[in-house]
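Trainee: I have a structure I would like to understand better, so I am pasting it below and will then ask my questions one at a time.
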Amino acid sequence: MTRTVPTRHPGTPRGVPGLRPFALALGIRRPDTARWRALGESLLVADPAMDELAAWMCEAGTATTRPLFDQALATGIDSVPDAPEPLVAFFRRMETPPEWVDPDMLRRGAQIYRMGGADGLYLARDVSFLGGYLASGFNRTLLRTGALEKGPAARFAETLRWAMDVSGEDAMARFGPGYRSTLRVRLIHSLVRRHLLDRPDWRTEDWGLPINQTDMAATLVGALLAPFVGGMAMGMLPSRADLDAAAHLTRYVGWLIGVEERWLPTGFRDGVRILYHCLTAIMNPDETSRRLAVPLARDPLGWSYPNMARLRGQFARAQHLSLATAFLGPRSVHRLGLWPFMPPWYPLLRLPVNLMRSAAARFAPGGRARAAARGRRQQQRFLELLTGPSATHQL
């Protein structure tokens, strides 16, 4: 008998490190019975539209179909002569944004991401990305797609490039870098899903589908909205309108990447609700958590420092562990196989700096534009630190 909920779905909601107090402050409670079952059932839901397109591309031959996909992605489906029907059907939908999309909100949302600067990326790395390894169900996908062989820096750099693509100026306009990058990631997800389902060691009834709706929703909101939660604790204080604009950008990015409407945030509070509910269903650290987290924690020792590499590597490792411990908590850090306590010295040092910069961005003439430009420069430098200047993605 086929299960409607995989065995990885727990009987009751689990604890969520770091996020629970913030969720309670917003009046968000644990998922009710219907929501809880939907979270379990969504482990068996993938991305039918892209999966159908990917199946056609593979059957027709990717050597022929991938260039057609890339051309439609870059210049539109109308630019593809005699485009095959599966490609037309998919791109007609993608090139027609939902009625709720507000271009001004998208631009404002992207700007607030750039204003977060390096600290916003640190939170994404040390809280969302590292903390995501506590979800062992998703780790099985990562380990079977070469996450250990690729290395933590390369994997995070790929995620960072995508995040910088979607948060660029007018990046989410049709055929813009964020639009193209997101749909390219969506295709890769589908090809990975297809590959893993063909493996004899993939247990769908236990683990659900690879890159399913529950995991995708948690990853999306965790990557794009969760850093704002930590940022507020570090003195980055966007307005309510800014937070809702960031959620609007997340909503549209999620729509493009194949997340169902019911898991897309309608505002910042709703985004926190989605993240909190998803995490109560997927937090279950095991040995895979340590296998992935320990190399990531050590990674700063090998970054591309221009000078004093050993000293700067040790400092950066302590800095990022400080962030992780402050927001994930010593218990979760210990479960990840890392040093169980590091004083939260970095968040405390950054608090007054970020408070002053937030005030300047909000009240000084031209403050937002200057903060966004400064923040993007910091983000670019951090990407170069991970990959080296010659490997930096052209934004």
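The values are calculated or read from the model by the stated rules, or taken from the named source; none is laboratory data. Computed from a predicted structure; not experimentally measured. Every residue, glycine as well, gets a Cβ built from its backbone with ideal geometry; the counts of neighbours run over all protein chains shown. To get the accessible areas, we keep the full protein, side chains included, count just its heavy atoms, and leave off ligands, DNA and RNA. Shrake-Rupley method; radii C 1.70, N 1.55, O 1.52, S 1.80 Å.
Trainee: Across bins of 5 angstrom width beginning at 0, how are the C-alpha pair distances of segment 256-376 distributed, in whole percent?
Mentor: 2, 9, 11, 12, 14, 18, 17, 11, 4, 1, 0
Trainee: Given R₀ = 30 Å, FRET efficiency for residue 45-residue 101 by Cβ-Cβ distance, to 0.05?
Mentor: 0.80
Trainee: Sort the following peptides by mean Cβ neighbour count (other Cβ atoms within 10 Å, averaged over residues), highest first: 49-60, 164-175, 300-311.
Mentor: Numbers: 49-60: 17.0, 164-175: 19.3, 300-311: 12.8.
Top to bottom by mean Cβ count within 10 Å: 164-175, 49-60, 300-311.
Trainee: In whole percent, and with a 1.4 Å probe on the protein chains, what portion of the accessible area of segment 194-269 is carbon and sulfur?
Mentor: Details: 1390 of 2500 Å².
Answer for segment 194-269: carbon and sulfur cover 56 percent of the accessible area.
Trainee: Measure off, as a whole percent, the carbon and sulfur share of the 1.4 Å-probe accessible area of segment 343-387, all protein chains present. Please report the intermediate quantities before stating the final value.
Mentor: On the way: 1740 of 2540 Å².
Looking at segment 343-387 in its full context, I get 69 percent from C and S.
Trainee: Segment 173-312: percent of C-alpha pairs farther apart than 20 Å?
Mentor: Values: 5989 of 9730 pairs.
Tail fraction, whole percent: 62.
Trainee: Also, quick follow-up: Over the chain, what is the relative contact order in whole percent, taking alpha-carbon pairs under 8 Å and six or more residues apart?
Mentor: For the chain, the relative contact order is 27 percent.
Trainee: So, one more: Counting pairs of alpha carbon atoms under 8 Å apart in space and at least six apart in sequence, what relative contact order in percent does segment 1-145 give?
Mentor: Once divided by the residue count of segment 1-145, the mean separation gives 17 percent.
Trainee: Suppose we take every Cα in segment 323-363 and form the convex hull; what volume per residue is that in Å³?
Mentor: 58
Trainee: How charged is the neighbourhood of residue 195? Take every other residue with its Cβ under 13 Å from the Cβ of residue 195, and add Lys/Arg as +1 and Asp/Glu as -1.
Mentor: +1
Trainee: Report the semi-axes of the equivalent ellipsoid for segment 20-164 in whole Å, largest first, where each axis is √(5λ) for an eigenvalue λ of the Cα gyration tensor.
Mentor: 32, 22, 21
Trainee: Quick one: Cα convex hull volume of the chain, Å³ per residue?
Mentor: 149
Trainee: Okay, moving on. Considering all projection directions equally, how large on average is the shadow of the alpha-carbon convex hull of segment 100-149, in square nanometres?
Mentor: Quarter of the Cα hull surface area: 5.5 nm².
Trainee: Please give the per residue accessible area of segment 78-225, computed with a probe of 1.4 Å over protein heavy atoms only, in Å².
Mentor: I get 39 Å² per residue for segment 78-225.
Trainee: Could I ask something else about it? Hey, what did segment 90-232 get for relative contact order, percent, Cα under 8 Å, at least 6 apart?
Mentor: Contact order relative to length: 35 percent.
Trainee: Show me the ranking of peptides 122-134, 237-249 by mean Cβ neighbours inside 10 Å, starting with the highest.
Mentor: Output ranking for 122-134, 237-249: 122-134, 237-249.
Trainee: Between beta-carbons, use under 14 Å as the cut-off and find the net charge around residue 320, counting Lys and Arg +1, Asp and Glu -1.
Mentor: On the way: positive: 125, 298, 312, 317, 350; negative: 119, 126, 299.
Computed value for this residue: +2.
Trainee: Counting heavy atoms of the protein chains only and a 1.4 Å probe, report the per residue accessible area for segment 245-305 as a whole number of Å². Working shown, then result.
Mentor: Working: 1830 Å² over 61 residues.
Value returned for segment 245-305: 30 Å² of accessible area per residue.
Trainee: Looking at the square roots a ≥ b ≥ c of the eigenvalues of the Cα gyration tensor of segment 288-339, which shape do they give, rounded for a/c under 1.5, prolate if a/b is larger than b/c, or oblate?
Mentor: The shape class here is oblate.
Trainee: Please report, in whole Å, how far the alpha carbons of segment 42-86 spread along each principal axis, starting with the longest.
Mentor: For segment 42-86, the Cα extents along the three principal axes come out at 37, 20, 16 Å.
Trainee: Now for a separate question. Considering only DSSP states other than H, G, I, E and B, which trypsin sites (Lys or Arg not before Pro) in segment 1-67 qualify as loop sites with at most 12 other Cβ atoms within 10 Å? Don't skip to the answer; put the middle values down first.
Mentor: Working: sites: 3, 8, 14, 29, 35, 37; in loops: 3, 8, 14, 29.
Answer in residue order: 29.
Trainee: For segment 178-236, count the residues as N, evaluate 2.2 N^0.38 Å, and divide the Cα radius of gyration by that value, please.
Mentor: 1.50
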